[in-house]
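Below you'll find the structure, written out as structure tokens, and then a few comments.
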Amino acid sequence: MPALPKSFVPTLLIGIVTAIFMTPLMWLVVSAFRPEGDILGHLSPLTWEIIVPARVTTENFTLLIENGFGRAVFNSVFIAFGSVFLGLLINSMAAFALSAIEFPRRGLVFAVVVVTFLIPFEAIGIPLAGTVRQLNLDNSYAALMGPGIANGFAIFMLRQFFLSIPKELFEAARVDGVSLFQIYWRIYVPLSKAPMVGAGIIIFLFQWQAYMWPLLVTNTREYEVAPVALAKLIGQFDFDLGQMLAGAVLLALIPALVILPLQRYFTQSIAGTGVK
Amino acid sequence: MSADSSINLTRGGALLSPGSVEDKKGRHQATLSAILFLSPAFVLLILFRLAPVIQVFFDSFLNSSSEWVGLENYRFLLESDSFLNSIRVTLLFNVLINPIQIVMALGMALLIVDGAKKPGMWQTLNLLPVVVPLAISSLIWGVAFRPDDGIINAILIAVGLPEQRWLTSADQAMMSIIILASWVGVGYWSLFLVAGLHQVPKDVMEAATLDGARYWRTLWYVRLPLMRRPLAFVLVADTAVNLLLFAPVQILTRGGPVDSTNLVMFDIYRNAFVFADLPLAAAETVLLLIVVMAIVGLQFFMLNQRRSGS
């Protein structure tokens, strides 16, 4: 019997572990394409039909869209990408000031940034939502996006990277009379692909995972985000599992398509913070 | 680091504008630019982070009619069975889930780093659960845990084990939430540990690929001690996340059965919205903030130590 390659056992083991972790997602995808009545029928007793659908349909998706879920998905995507766009801009500007510009009390200002990322947003969401409602700012994109744009951890991460950019570049540009904004925009931002992607993913996941905050500051369909819309399906008297699973597929697919190709940069940006 | 850059900047400033008056003007201008660069992020951080903390702190000394009651809310909390039970449940949950997640994440990271083919593919696949919104994962697992027609009981029956009550049993509901939260978290935390394992020097890694007893000894005495910082980071960050867990409880158990999954974040939500006692929720939030900030502060302190040490 030929000797097994050295990588055989670990590959087999990680394959088994991954298969276990993937099972709920595979079941989710397969069930979303089943007729509603078939979904629970195939769970117990255990047969291959759990993974292999007997009948395939896209009815769940069309029903979900007809029921206005498209609006909720649009809201979630708009909020997440809007926050990433605005957040990358203002967080990197703050990081630039905290790394390249010398000004009095810089250390103190940086300490404030650090304190803000020690504050867990989930914990202060409830009183803050009360204020937002009192000011009649609930049910608006501003209320939904607001907490996710400025991010202390993103500022911290970008600053760590900016500090590693050779100061000579900054000085040479200053001698040539280049404005600070041009230095930021033409030198620092283009050099910072990995930490910008890392910060973007942090902001994206914050908004994509948001559940309690949207629950607190919206109560109209117009501003409902997708996870809240789906969670409400389960609370309704006549709840349609097929639509819920179809929605779950969409909500898992969008971030997977956005984040997985960029995962390499995310790992690099973790390295930059000194975690590893 | 900062001493270094200040020397450089002074030199740059001198090149730009010789003479002390000009120099002072340059510094003034730098401060003005810094304010312009900082203000958008700072306004938002103050509005959405700092101001609410100050507000919740003040609210915790008021009653429902906005009258000053001093420490009354705190006294009430510390004497309330519901709050004490919620603390007990939250601590038990964390004592169980954090070691479970870290051991599993470490195991996964070791398999990925030590010789599995296509490490990037496994890493990517196991990262998928964390990109699914937690509210959605909770819904999927809620279906899987159904006692009568759920897939998990179907698997138990197929391998000859007795069915379980899962989320509907006061004894098993917390375990069910641990399973679901670990499904989400393990792949994510292993990402940080893979990054850490890659930092362990090459010659140690070569000894590690040898099989048998030598592997485990190298792991235990050489590699894990070198992994102290990434492990500590993951432990602290994971604890902060799990102290604040909310969505699975709100969606699946509403704290029950018989308060067995009444994690403190859900207890706060319930005090605020079911019992409409916002000041009490504020006092509870202050206590939670103190604990979480102490833990996350510790994490930041350790990260900083790492940087100045290297």
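What follows is calculated from the coordinates using simple rules that are stated; it is not laboratory data. From a predicted model like this one, the values you see are computed outputs, not experimental measurements. With ideal geometry, Cβ positions are generated from the backbone for all residues, glycine too; neighbour counts draw on all protein chains shown.
About its Cα centre, segment A:68-272 has a charge dipole of approximately 380 debye under the convention of +1 per Lys or Arg Cβ and -1 per Asp or Glu Cβ, with nothing else charged. With the simple spin-label model, which puts each label point 7 Å out from Cα in the Cβ direction, the A:Leu137 to A:Glu168 separation comes to 4.7 nm. Taking a point 7 Å from the Cα of B:Leu32 along the Cα-to-Cβ direction, none of the residues of segment A:157-185 has its backbone N closer than 11 Å to it.
Each stretch of four or more DSSP H residues adds -39500 (n - 2.57); spread over every residue of chain B, this sum gives -23500 deg cm²/dmol at 222 nm. Taking amide H positions as modeled 1.01 Å from N, with prolines and chain starts lacking one, the residues under 5 Å from B:Leu62 and 5 or more places away or on another chain are B:Val69.
The 3J(HN,Hα) values that the Karplus relation (6.51, -1.76, 1.60; θ = phi - 60°) gives for segment B:78-91 are, in residue order, 5, 9, 8, 4, 4, 5, 4, 5, 5, 5, 4, 4, 5, 5 Hz. Gly and Pro appear as x.
Helix-only arithmetic for chain A: the sum of -39500 (n - 2.57) across DSSP H runs with n ≥ 4, divided by the residue total, places the mean residue ellipticity at 222 nm at -21500 deg cm²/dmol. Model label sites at B:Leu91 and A:Val9, defined 7 Å from Cα along the beta-carbon direction, differ in position by 4.1 nm.
Spacing of the modelled spin labels on B:Lys118 and B:Gln55, each 7 Å from Cα toward Cβ, amounts to 5.0 nm. Ranking B:Gly26, A:Ile90, A:Leu260 by Cα position along the charge dipole of the protein assembly as shown, where only Lys, Arg, Asp and Glu carry charges on their C-beta atoms, puts B:Gly26 farthest toward the positive end.
Taking a sphere under 10 Å around the Cβ of A:Thr218 and counting the other residues whose Cβ falls inside, with K and R at +1 and D and E at -1, yields a net charge of -2. Only the Cβ atoms of Lys and Arg (+1) and of Asp and Glu (-1) were treated as charged; on that basis the dipole of chain B about its Cα centre amounts to roughly 1260 debye. What fraction, in whole percent, of alpha-carbon pairs in the protein assembly as shown exceed 38 Å separation? So the portion of pairs separated by more than 38 Å is 36 percent. Computed from point charges on the beta carbon alone (+1 for Lys and Arg, -1 for Asp and Glu), the dipole magnitude for the protein assembly as shown about its Cα centre is near 2100 Debye. Cross-link partners of B:Lys24 among aspartates and glutamates, defined as those whose alpha carbon lies under 17 angstrom from its own and excluding same-chain residues fewer than eight positions apart: A:Glu102. Note on B:Tyr221 and B:Glu67: the extension gain reaches 49.5 nm, defined as 0.36 nm multiplied by sequence separation minus the Cα-Cα distance. Pairs from the table (A:Lys193/B:Lys25; A:Lys193/B:Lys118; A:Lys193/A:Lys232; A:Lys6/A:Lys193) lying more than 32 angstrom apart at Cα are A:Lys193/B:Lys25; A:Lys193/A:Lys232; A:Lys6/A:Lys193. In sequence order, segment A:97-106 has phi-based couplings of 4, 7, 10, 9, 9, 8, 8, x, 6, 4 Hz under the Karplus curve 6.51 cos²θ - 1.76 cosθ + 1.60, θ = phi - 60°, and Gly or Pro positions carry x. Here the Kirkwood formula puts the hydrodynamic radius of segment B:92-151 at 13.9 Å, using every distinct Cα pair. Provide the net charge surrounding A:Val109, with neighbours chosen by a C-beta distance below 15 Å and charges set as Lys +1, Arg +1, Asp -1, Glu -1. That sum, taken over residues with Cβ under 15 Å, equals +3. Work from the charge dipole of segment A:68-272 (Cβ charges, +1 for Lys and Arg, -1 for Asp and Glu, about the Cα centre) and give the residue of A:Ser140, A:Val109, A:Gly200 farthest towards its positive end. My answer, from the dipole projection, is A:Val109. Per-residue Karplus couplings for segment A:9-15, computed as 6.51 cos²θ - 1.76 cosθ + 1.60 with θ equal to phi - 60°, are listed in order as 5, x, 5, 4, 4, 5, x Hz, Gly and Pro entered as x. Net charge in the neighbourhood of A:Ile201 (other residues with Cβ under 15 Å of its Cβ; Lys, Arg +1, Asp, Glu -1) is +2.
Please report the spacing between the Cα centers of segment B:22-95 and segment B:171-194 in Å, no decimals. The distance from the Cα centre of segment B:22-95 to that of segment B:171-194 comes to 29 Å. Treating r as the C-beta distance of A:Leu108 and B:Phe275 and R0 as 30 Å, the FRET efficiency rounds to 0.15.
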